[in-house]
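The values are calculated or read from the model by the stated rules, or taken from the named source; none is laboratory data. Nothing here was measured: the structure is a model prediction, and the numbers come from that model. Counting neighbours? That spans all protein chains shown, and the Cβs are built from the backbone with ideal geometry, glycine included. Keep in mind that these areas ignore ligands, DNA and RNA; they rest on the heavy atoms of the full protein, side chains included. Shrake-Rupley method; radii C 1.70, N 1.55, O 1.52, S 1.80 Å.
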Amino acid sequence: DTDTDAGARNSTSLRTPIVAVLGHVDHGKTSLLDKIRGSAVIEGEAGAITQHIGATAVPLDVISSIAGDLVDPDDFDLPGLLFIDTPGHHSFTTLRSRGGALADIAILVVDVNDGFQPQTLEALDILKRSETPFIVAANKIDTVPGWNATEDSPINATYEAQTDRVSSRLDESLYEIIGNLSDEGFSADLYWRGQNFQRNVGVVPVSAMTGEGVPDLLTVMMGLSQRYMKEEMEIDVTGPGVGTVLEVKEEKGFGTTIDTVLYDGTIRADDQLVVGGMNEPIVTDVRALLQPRPLAEIRTESRFEKVDEISAASGIKIAAPELEDAMAGAPVRVVRNRDLDEVIQEVEAELADIAVDTAEEG
Ligand code: GDP
């Protein structure tokens, strides 16, 4: 109950929603992430997008400059979007927070020509079970025969540049996707027709190759987060950090490290942590908090730079003793001024949840 916590209220802020990308192999998940990162680098001021460990943060001002007229930054108070860099179902299902999905929202990528495939159905099932709001990116629109591409254009303008034959061919494919979604129990529509994204899944035509529709995709993601997730994004930023292990990695000079997505509070370089382990919770002290160093500096220095603290939502590499038994998907909790036993119990409870779910998935 946060009401007992009134003193900490003034540090409440809205964090960045965490976004996952799902879909069938080769439908363009990686390309779409690359395109979003690439557009953000071109549009933003230098350093405006930040490469985290395992994730990319795209701030609101960059989104609004990519989206142009589609986004008025005054309409939003969430700070942007944090994309998890590893697309796919395995990372989605292993990455959890407090029993739910770690990702707050998802993009389901479907190749417009290839349509629904086994992993598309699998992804839908995962999204349904985890009750994760999502939109569908109907990708590869540039491969519709006769397509006339306008790089990085919003969909509306690009539609107008097509002949009737080409646009009706695209429409046919899009309606097939909408029909498939409906067969799976999701009411869906082209995103500019659906008013209520809570009931309606928005379908956004895009090309990860030409960037067409990417402005729309980012706009719809911001809108979805803003309208339906605002309360969940309210965190006490200065509170003890809470996160999920993305990957356990050996790192030269640092020993075993955990790449972690932080979804609540702050981790500091002098914090004590409890981390989910293979046998039992690991109690340890942070040795270093590491972030990727900007590309230009890597030649002369280590790939990582140390930071004193980091706040949610973000991706961070944590170096600490005793991490050998840490597991991907396990919880990470900062102890700080909390009771150590209580934190250990929370981590144990979360580990028990993970074990039950893993058993259910067979
Ligand atoms: P993933 O397996 O879902 O991550 O798919 P990839 O991003 O690796 O893409 C699979 C292939 O499709 C690659 O050869 C990409 O270049 C290609 N591809 C992805 N998106 C598009 C697109 O929008 N248009 C075209 N023409 N090709 C694409």
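Per-residue ellipticity at 222 nm, computed for the chain from helices alone with -39500 (n - 2.57) per DSSP H run of at least four residues, works out to -9000 deg cm²/dmol.
Here the accessible area is traced with a 1.4 Å probe on the protein chains. For the chain, carbon and sulfur cover 46 percent of it.
Grab the beta carbon distance between residue 149 and residue 353, set R0 = 35 Å, and tell me the FRET efficiency rounded to 0.05. That pair, residue 149 with residue 353, gives E of 0.15. Backbone amide hydrogens, once placed in the peptide plane, bring residue 212 within less than 5 Å of 152, 153, 207, excluding anything fewer than 5 places away on its chain. Rolling a 1.4 Å probe across the protein heavy atoms gives the chain an accessible surface of 46 Å² per residue. All other residues whose Cβ lies under 11 angstrom from that of residue 139 are scored, Lys and Arg at +1 and Asp and Glu at -1, for a net of -2.
Sequence-distant contacts, meaning Cα pairs under 8 Å at least 6 residues apart, place the relative contact order of the chain at 18 percent.
Of all the options 88, 80, 194, the one that moves most in a Gaussian network model of the chain with Cα springs shorter than 10 angstrom is 194. Can you compute the modelled spin-label distance between residue 175 and residue 192, with each label point 7 Å from Cα toward Cβ, in nm? Taking the two extended label points, one gets 1.7 nm. Across the chain, the fraction of Cα-Cα pairs farther apart than 40 Å, rounded to a whole number, is 15%.
A simple count of charges around residue 156, restricted to other residues whose Cβ falls under 11 Å of its Cβ and scoring Lys, Arg +1 and Asp, Glu -1, yields -4. With each label modelled as a point 7 angstrom along the Cα→C-beta vector, the residue 182-residue 69 pair spans 3.1 nm.
For the chain, hydrophobic long helices are taken as DSSP H runs at least 20 Å long by C-alpha position along their axis with mean Kyte-Doolittle hydropathy of 0.5 or more; these are 214-229. Lys-Lys pairs in the chain that are eight or more residues apart or on separate chains and whose Cα atoms lie under 14 Å of each other come to 5.
In debye, nearest 20: dipole of the chain around its Cα centre with unit charges on the Cβ of K, R (+) and D, E (-)?
Dipole size: approximately 620 debye.
If I take R0 = 51 Å and measure r between the Cβ atoms of residue 251 and residue 160 in this structure, what FRET efficiency does the formula 1/(1 + (r/R0)^6) give, to the nearest 0.05? Once rounded, the FRET efficiency stands at 0.50. Only Lys, Arg, Asp and Glu carry charge here, each on its Cβ (+1 for the first two, -1 for the last two); on that basis region 272-344 has a dipole of about 380 debye about its Cα centre.
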